[in-house]
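Take a look at the structure below.
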Amino acid sequence: MAANKQQWQQVLPGALAHAEEVHVWCASLDLSAHQRENLLHTLSADEVARAGRFFFRKDQDRFIAARGILRNILGHYLGEAPRSIRFAYSPHGKPVLEANSGGDSLCFNLSHSDRFALYAVALNRNMGVDIEHIRYDVAVEQITRRFFSPGEASLLGGIPEKERYEVFFQYWTRKESVLKAKGEGLSFPMEQCDVSCIHGELSAVTLPGKNGEASCWYVQDLFPGKGYAAAIAVEGGDCKLSCFLYNLPKFP
Ligand SMILES: CC(C)(COP(=O)(O)OP(=O)(O)OC[C@H]1O[C@@H](n2cnc3c(N)ncnc32)[C@H](O)[C@@H]1OP(=O)(O)O)[C@@H](O)C(=O)NCCC(=O)NCCS
């Protein structure tokens with residue numbers, strides 16, 4: 001797979017000035033107890049309750065970290081205290097900012113898998129990110145038959161088994177990123193979203209609509225670290241992607 005591995009910058013980005021700017025942040029979710037405690041205090045009552053429903057402590061800790069970091073990142077762009085940010089949810093569960101909490105222009109999406117989270121932030125455009133920890137215990141053939149296009153399935157079938165899982169997860173994250181950008185749920189036509197043509201740069205993916213009209217999404221692979229696949233999808237139009245690492249002194 002030809003790929004353009006992006007540089008994750010260790011600087012604090014400035015404000016989003018133009019509609020074409022998209023900022024992606026990568027964060028580790030394995031924090032110290034002290035850092036987690038600080039983040040816990042920024043969560044809303046419903047987020048704290050949700051954290052409490054995780055069965056495993058590790059999942060609870062990572063949820064607190066993922067939401068707390070989200071609040072810090074959004075607070076950075078909005079110039080607001082992380083605790084004061086309020087979310088609303090679409091019918092399919094996609095979180096957005098409440099209108100009077102900056103939601104009239106700042107858009108975001110996040111994804112987490114194992115010990116990493118990715119966050120995408122932009123002005124006035126729908127985006128979706130997806131990250132997956134590459135696992136070797138998934139039923140690749142079964143999932144491919146059900147959710148991949150015939151073209152994708154045939155490309156995947158021609159890849160030596162050793163490399164197949166990595167490409168499978170790369171395709172999967174591209175598809176999920178489009179699904180998440182659209183904000184849809186399980187009704188999303190995964191098999192009609194052919195993502196096999198993406199090579200390095202942002203590439204257009206066209207999706208047939210319910211009434212015959214197509215929609216265009218720009219998709220790019222992201223490389224957060226070894227053992228992970230990830231992608232971002234952005235609603236049509238020019239796009240300038242910049243990537244940042246979260247571990248900065250501003251966010252202790
Ligand atoms: C939501 C979904 C996209 C999550 O994908 P995933 O790979 O399991 O998880 P990810 O880590 O990539 O994404 C999770 C994050 O995406 C966001 N998210 C939730 N629902 C979303 C949606 N429909 N679209 C976009 N983003 C969504 C949330 O921020 C969530 O993080 P959280 O755990 O902090 O709340 C996937 O499970 C799905 O398709 N769900 C459909 C649910 C649905 O349609 N329900 C119908 C209820 S009537």
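The values are calculated or read from the model by the stated rules, or taken from the named source; none is laboratory data. On a predicted model such as this, the values are computed, not experimentally measured, just so you know. Cβ sites come from the backbone with ideal geometry, for glycine too, and all protein chains shown count toward neighbours. Accessible surface areas use protein heavy atoms only, side chains included; no ligands, DNA or RNA. Shrake-Rupley method; radii C 1.70, N 1.55, O 1.52, S 1.80 Å.
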Accessible-area composition of segment 21-245, carbon plus sulfur, in percent [1.4 Å probe]: 52 percent
Across Lys58/Lys162; Lys58/Lys226; Lys182/Lys226; Lys182/Lys240; Lys180/Lys250, pairs whose alpha-carbon gap is larger than 25 Å: Lys58/Lys162; Lys182/Lys226; Lys180/Lys250
Within the chain, longest stretch clear of exposed chymotrypsin sites (Phe, Trp or Tyr not before Pro) (DSSP loop, no more than 13 other Cβ within 10 Å): 137-252
Of Ala45, Ala15, Ala117, the one that fluctuates the most in a GNM where the chain has Cα springs shorter than 10 Å: Ala45
Net dipole in debye of the chain [+1 Lys, Arg Cβ; -1 Asp, Glu Cβ; about Cα centre; nearest 20]: 620 debye
DSSP H segments from the chain that extend 30 Å or more along their own axis, Cα-based, with Kyte-Doolittle mean of -0.5 or above: 57-78
Positive-end residue, the chain charge dipole about Cα centroid, Cβ charges, pick of His133, Phe188, Ser149: His133
Whole-Å distance, taken between Cα centres, linking segment 107-141 and segment 37-75: 17 Å
With eigenvalues of the C-alpha gyration tensor scaled by 5 and rooted, segment 170-252, Å: 26, 14, 13
